[in-house]
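Novice: One structure follows; several queries about it will come next.
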Amino acid sequence: MKKFLAITLAMVLVLAMSIVGCTGEPVAPTKVVLGATLPVTGIFAGFGEQGWGMQKAVDDWNDTYGGMYLSEWDVTVPVELIIKDNQSDPNQVGPQSTDLVVTNKVDALLSPNAPCDLHDPTTAVATDNEVPSIIGGGPFEPWYFGSQGEVTPPYTWFAGFAISFPSGAPRNVPGYTMVDTWFMFMDAVGALSNTNGIAGVFASSDSDGTGWYQSFPALMEDYGLTVVGVNETLGFFPLTTTDYSSIVTAWKDANVEVLWGNCPGAHFGDLIAECYAQDFEPKICLAARAALFPLDVESWGTTPPLGYGVGCEVWWSPAYQVSDGFVGIGNRTAASLAADWAASAGNPPLNRGIGSGYMETQVMLNAIHEAGSLDGAAINAALADTDLDTISGWVNFDPVTHFSAVPLAFGQWFYDSENEDEPFTQYIVASALSEIPEEDSPIFPLPDWWP
Amino acid sequence: MEDFLVGLAPPLIKGILLGGLYVVIALGLSLVFGVMKLINVAHGDLVILGSYFAWAVMGWLGIDPFLSLVAGVPLFFVLGFFVQKFIINRTFRISLDAALIACFGISIIVQNLCQAIWTPFNRSLLTDYRLLTFAVGPLTIQLRYLLDFIGGLAVMLAVRGFLRRTYLGRAISAASQNEPVAERMGINPNRVYSFAFAIAMACAAVAGVLQGLTFSFSPTSGSPFLIISFGVIILGGLGSMAGTFIGGMVFGLTQTLGAYFSGGSLLVQSIAPYLLVFVILSVRPQGIFGR
Amino acid sequence: MKIPRLTTLVPVVILVLLALFPLIGIPLNWLNYLFSFFIYLALATMWNLLAGYTGLIMLCPHAFVGLAGYTMAIGTWVGVPFQAGLIAGAAVAALFALLISYPVFRMKGIYFAIGTLVLPEALKAWFSFWRPVGTAYQGGGAGYAVAGVAGFTLGDKYWLALAIAAVSIFVVHIILRARLGLGLTAIRDNENTAASSGVNIFRLKLSSFLIAAFIMGIAGAAYYIHNPRIQPTSGFNISWLLLPLMATVIGGEGIEEGPIIGAAIVTFLRFLLADYGAWSLFIQGIILVVVVVVMPQGIAGLLRQVGAYRLPLRLFKAAEAKIHKT
């Protein structure tokens, strides 16, 4: 131990001297650095693919404008994006975000549209270090109330999934909240007259699912549905659950015809398989979060195709277009972004998250450009003034909540037994907005599992 | 009373059938545990590796996952043999803790190798018969759970037969009962360990197929099964194949009946198995059927 | 006036130097790395105390981290400042250790390992439902944000973590040189002999178990000041077991400086490899296996073996002799 102490002392001295020696004077920036911590691996990896969209926005900006023009210094410097993988582990998000700020000296932080556990630490770091940040969508209630309102809304954040979005939704038209899109679909299929109106609800007990379970059943009751077992928290399950038989039996006994909920894809797969096994088939099945990503839907199987007709909200559509010109950076359109994604390595099926990732980055780059400076406060002021048509809709942040809503539509998964590579495709079946065209008519009731 | 029995039947049957899956998963762990007194914390991940192997072969050749075992079992056997020979046997010379820690290392390696190769997304073994059900009287039985039970019974009997009937099997049993004596009788413990681990890996390959048919899986979904397997072998007593079988049944029943009698409470369902293990360990540390 | 010996002086100097870091304009990223390093170090030192010196393969650090973190987070929701919550959290962790001590100490060897490994899983299941405070949007699986930590700067967090790590090392140092340490080593080497020579095994094991639980708890809670949100999947995450385990084994189990070296390596790998996704943990796994197989005594053990300390020690001794002569 003595010997070890001697060495440590020497090392600490060297370390102290070397790092004190290399702190220098501030100079004109040579680049703009954006940083993001994403769940590239782990259970939320589907959300991690938004990094592709972020990178694309940065590339587009550099290609179109040759870099970022900063009027404060009268220089044009390249934009860089640094993505770190938090392995879907919320414990890593805080230190990684701090690392991005203090090591990589990022000028702004981006956080993807993902479960809110992966946002919170980033926002705290942004607030502490006074770095502008944009937090992608996600249910905002656990996040907003989770901070007890003590953390002032940290700069700006988006909320696509604003369950009870505060008044003054953009342009005061429907089509910007979850509630709108889901009930729009219910209206389209005449859920109240064509079913018995009895609904079962399910949600995983993580932050996302908790927010859903606490908010939606009441709204469903208001809409006119009868929701089964909410007082006994029927269908509210922890992530460790593998056996759903008691839940499904209860639904079956209650003669449920509408199934509605929010949980990860793997859990919904086991849940719906149990429904099938018990010969319980609802007429309508809506699964937020679970039905977002094609690989998840595929993993539920094709014999029978359990994902056929399952619906959820749609964040973004490759068909998104406004009448007057381009919505992306430069010549970028939503369609070309989707085409580039499909042509990228491995020809992946469409992950609608790429639009969200692109939008966030587009807004941040625009704000830096408007600020003409890398000063956090200046960028922040520019963010607050944002009034921009992006690849995923018009963005304008509410001065109080710091939220902007993005256009949402409702999609269902269609099954094509002929297509072996990608048997499931999501089409938009209900949309209140002319910018997002409907692609097919709604599936109602669910295709028969039992021929 | 009749209603009560009719209501009780589904969880009862499901518990027993699901127990079969737990048996297959726990068998490999139990064997290693019995022979080397080592908890192979990588076992859950090795099972998931088995699921991925079957999934990859299915996608590649389009054959049934059970057929993929023709290649999977020998491959896992050989892999297990070398893992034990080159890694775990060496750590054994140091201490049991070192071996345990090596297993943690293997667990991390396997999990992340699966992620790197097969992406972190969910998969399941999508066969045509996966979700078939059939009726027995008033009851509905799910084929996948029945397969779990048959698989559990078959693997248990096969391993048990092997341990009793073959020379190598008896050597493994001898080493697990009294190592110094076995050594004096000319049994090379390292060799025995290698074979025991190889068999455990082969069991993991089978368990992987069954679990992939029953539930969806991802690279990180192995650890819950590890904890379940602990429960099973604690209940069954270490190293006893028949005990493991009974342990699996009891464990499955604890889960389903716990949920049934608590009115579908998922809290009870998710916490009961752990408490059961803990209570048994503290009351009777050598397990219910242990010596 | 008596001149303090260098062995006393050197740690104090190191500590003072480290404590000065935030004041002398050290780049903030060093504070961030060192913060994580100190937390891992405290955890690893305690794991080393149990596994390396007491022979208890205790696999439930995540129970202590989760309980302490939750106590602190919940405290901030009912008006307890997080500084007090930190202590309360550690106390709850130690109390939990006390509660489980009777059953777990009945379990021997490998059974002790399994028994302790299932506990955090049970806690995780319980906390997935429990909602003591907050609205319906918090608690249960959604967890809690730690309120009121804004304004507690990185420098403050750094000092806190440094203090925790320093105390953990100091405590182990004291224990090993006190009667407790002798008893513990006796237990590790042969429990029966120790018992027959009058060592109260249960009390000795219990005291080290409680100390470890307290310090692991406070270290874990401190981490959640830096990463101010806790939920069952993060607080009771198995990575809280793997980190101290890897740090201790790679550094050298049963060697006092082992955890220091190991924690440094683990911290380094964690940040350095963050850009490489799954390969990052894959590489850490390989390193762990290679270290266990090739240098079972860990890096510190290897260094001792090859005599890497010899030259600095000679200088050290020469310096000491000179000082004492004058």
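The values are calculated or read from the model by the stated rules, or taken from the named source; none is laboratory data. Note that the coordinates shown come from a computational prediction; the quantities given were computed from them, not determined experimentally. With ideal geometry, Cβ positions are generated from the backbone for all residues, glycine too; neighbour counts draw on all protein chains shown. Accessible surface areas use protein heavy atoms only, side chains included; no ligands, DNA or RNA. Shrake-Rupley method; radii C 1.70, N 1.55, O 1.52, S 1.80 Å.
Novice: Would you grab the residues whose amide H sits under 5 Å from the one on residue A:390? Only those 5+ places off in sequence or on another chain, please, with H modelled 1.01 Å from N.
Specialist: Close amide H contacts, sequence-distant or interchain: A:395.
Novice: So, for chain B, what is the accessible surface per residue at a probe of 1.4 Å, expressed in square angstrom?
Specialist: Numbers: 10820 Å² over 291 residues.
Here the per-residue accessible area is 37 Å².
Novice: Okay, next question. Suppose R0 equals 56 Å. What FRET efficiency, 1/(1 + (r/R0)^6) with r the Cβ-Cβ distance, do residue B:135 and residue C:185 give to the nearest 0.05?
Specialist: Values: r = 65 Å, r/R0 = 1.16.
With R0 = 56 Å, the Cβ-Cβ based efficiency is 0.30.
Novice: What value, in deg cm²/dmol to 500, does the helix sum -39500 (n - 2.57) over DSSP H runs of n ≥ 4 give at 222 nm once divided by the residues of chain C? The partial results should precede the final answer.
Specialist: Values: 15 runs with 237 residues, N = 326.
Helix contribution divided over all residues of chain C: -24000 deg cm²/dmol.
Novice: Quick one: accessible surface of residue B:108, probe radius 1.4 Å, all protein chains present, in square angstrom to the nearest 10.
Specialist: 10 Å²
Novice: Which residues of region A:52-89 end up with at least 20 Å² less accessible area in the presence of all protein chains than when their chain stands alone, using a 1.4 Å probe?
Specialist: SASA drop of 20 Å² or more in region A:52-89: A:84, A:85, A:87, A:89.
Novice: Then there is this: Work out which helices of chain B, taken as complete DSSP H runs, extend at least 30 Å along their axis over the Cα atoms and score a mean Kyte-Doolittle of -1.0 or more, then list them. Present the calculation step by step, with values, prior to reporting the outcome.
Specialist: Numbers: long enough: B:2-36 (48 Å, 1.75); B:96-118 (33 Å, 1.61); B:143-165 (32 Å, 0.99); B:189-214 (37 Å, 1.18).
Those that pass (Cα extent of 30 Å or more, hydropathy at least -1.0) are B:2-36, B:96-118, B:143-165, B:189-214.
Novice: Leaving ligands, DNA and RNA out of it, rank C:290, B:232 by accessible area with a 1.4 Å probe, largest first. Each step should come with its number before you reach the end.
Specialist: Numbers: C:290 75, B:232 0 Å².
The ordering from most to least exposed comes out as C:290, B:232.
Novice: Using protein chains only and a probe of 1.4 angstrom, how many square angstrom of residue A:179 are accessible, to the nearest 10?
Specialist: Only protein atoms counted, so the area is about 30 Å².
Novice: How big is the shadow of the Cα convex hull of region B:11-283, averaged over all directions, in nm²? Present the calculation step by step, with values, prior to reporting the outcome.
Specialist: Numbers: hull surface 60.7 nm².
Convex hull of Cα atoms, orientation-averaged projection: 15.2 nm².
Novice: May I pose another question? Among the aspartates and glutamates, select those whose C-alpha is under 20 Å from the C-alpha of residue C:205, and discard any that sit fewer than 8 residues away in the same chain.
Specialist: Within reach: B:97, C:189, C:191, C:253, C:256.
Novice: Which of A:252/C:124; A:105/C:157; B:14/C:124 have a Cα-Cα distance over 22 Å?
Specialist: Numbers: A:252/C:124 30 Å; A:105/C:157 20 Å; B:14/C:124 25 Å.
From A:252/C:124; A:105/C:157; B:14/C:124, over 22 Å: A:252/C:124; B:14/C:124.
Novice: Straight-line reach from residue A:84: which aspartates and glutamates fall under 13 Å, measuring Cα to Cα and dropping same-chain residues less than 8 apart?
Specialist: Residue A:84 reaches A:49, A:99, C:275.
Novice: Hey, got a sec? Which trypsin sites (Lys or Arg not before Pro) in region C:75-145 land in a DSSP loop and have at most 15 other Cβ atoms within 10 Å?
Specialist: Working: sites: C:106, C:108, C:124; in loops: C:108.
Listed in order of number, the matching sites are C:108.
Novice: Can you give the average number of partner chain beta-carbon atoms within 10 Å of each beta-carbon in peptide B:106-114, as a whole number? Could the numbers behind the result be given before it?
Specialist: Numbers: counts 4, 4, 11, 8, 2, 5, 12, 5, 2.
Per-residue shielding by partner chains comes out at 6.
Novice: Further question on the same structure: Using a 1.4 angstrom probe on heavy atoms only, work out the carbon and sulfur share of the accessible area of the protein assembly as shown in %.
Specialist: Values: 23880 of 37920 Å².
Carbon plus sulfur share of accessible area: 63 percent.
Novice: For region C:1-119, what percent of Cα pairs sit more than 17 Å apart? Intermediate values should be presented prior to the final figure.
Specialist: Details: 4933 of 7021 pairs.
Above the 17 Å cut-off, region C:1-119 has 70 percent of its Cα pairs.
Novice: A further question follows. Just by accessible area at a 1.4 angstrom probe, what is the order of B:195, C:21, B:162 from largest to smallest?
Specialist: Heavy-atom accessible area, descending, gives B:162, B:195, C:21.
Novice: From the helices alone, meaning DSSP H stretches of at least four residues, give me the mean residue ellipticity at 222 nm for chain B, per-run term -39500 (n - 2.57), in deg cm²/dmol to the nearest 500. The partial results should precede the final answer.
Specialist: Numbers: 12 runs with 221 residues, N = 291.
Calculated mean residue ellipticity at 222 nm is -26000 deg cm²/dmol.
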